[in-house]
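The numbers here are math on the coordinates, done by the rules we state, and not lab data. Because the structure is predicted, anything quoted here is derived from the model rather than measured. Reconstructed Cβ throughout: ideal geometry from the backbone, glycine too, with neighbour counts over all protein chains shown.
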Amino acid sequence: MGKTITKKESRFLSLTIAGCGLLLIGSGLVMTNTPKDTVIKQNYSVSVTEQRVAQSKTNEIKLKTMELEINNPLSLNIKDYLENSELIEPSVLKSLKLDTSLVNINQAGTYTYTIKYKKKKYNGTFIIKEKELPKVELTLKNLSLEKGAALSTNVSAYIVEELSEEVRNNIIINLKDVNTAQPGEYQYTVTYNNKLYTGKIWIYEKQTTIITPNTPETPSDDTVPTPETPTTQQ
């Protein structure tokens, strides 16, 4: 005849299973190596409670170091400037005042922005970066110019490669050391994407051609005149 055990007895059986039987979990059935005519059944249920830990809010203001490519608009969302915006109390966020008036988006450099909360002012760093240019290696020409010739202002006159308009517009040529009024060898430089290239220009003197005037030919001393043939008298 079957016998039903209590919850307390079932827990005890679970703790001593290594010595008295096999415990199957998942189906709600507990079996032991009791005699064949004895079956022990125990139904149980398991409940899991999820515990959420709420993050505590704070009034502490932590600013980011901001970066932006030149000629792009500034963000007006104050949360973009805060490292801990999700931890700051909503009432505090609404009271923050952002000031980016010292940031010049048209000039690369490092600037200061501020955030004010009540009587406190927090200063942050804002970096305006140069636009990232195409990666190009340049080859400069070595030029020869006649004395007094004008130096070209066309970038392509100094560079071997075919260049896109964007690259040409960001090349700086320095010809200040080239004196076209004085023959000699000079250096010029080209700067692109913070890399400096050096080329040479030779200024040469114009060659003048000397023309000798034509002179009449003089007969040679070896020339012997032909004698006259005498006439015969009859």
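When you look at VAL155, is it touching a Pro at 6+ places or on another chain (Cβ under 8 Å), surrounded by 14 or more Cβ atoms within 10 Å (Cβ to Cβ) and among the aliphatic types (A, V, I, L, M), yes or no? In short, no. Among the residues of region 106-140, those identified as crowded, with 16+ Cβ neighbours inside 10 Å and either acidic (Asp, Glu) or in a loop (DSSP other than H, G, I, E, B) (or both) are VAL136, LEU138. For VAL178, the test of being more than 30 Å from GLU60 (Cβ to Cβ), of a type in the set (A, V, I, L, M) and over 32 Å from the mean Cα position of the chain (by Cα) is passed. For region 163-204, filtering for residues that are among the hydrophobic types (A, V, I, L, M, F, W, C) and loosely packed, with under 11 Cβ neighbours inside 10 Å leaves 3. When each of VAL103, VAL92 is tested for being in contact (Cβ under 8 Å) with a residue 12 or more places away in the chain and assigned to a loop (DSSP other than H, G, I, E, B), the lone residue that passes is VAL103.
Scanning region 146-177 for residues that are touching a Ser or Thr at 6+ places or on another chain (Cβ under 6 Å) and assigned to a strand (DSSP E or B) gives ILE172, ASN174. From the list LYS131, LYS147, pick out the single residue that is within 24 Å of GLU185 (Cα to Cα), touching a residue at least 40 places away in the same chain (Cβ under 8 Å) and touching a strand residue (DSSP E or B) at 6+ places or on another chain (Cβ under 7 Å). Just a single option satisfies the conditions, and that option is LYS147.
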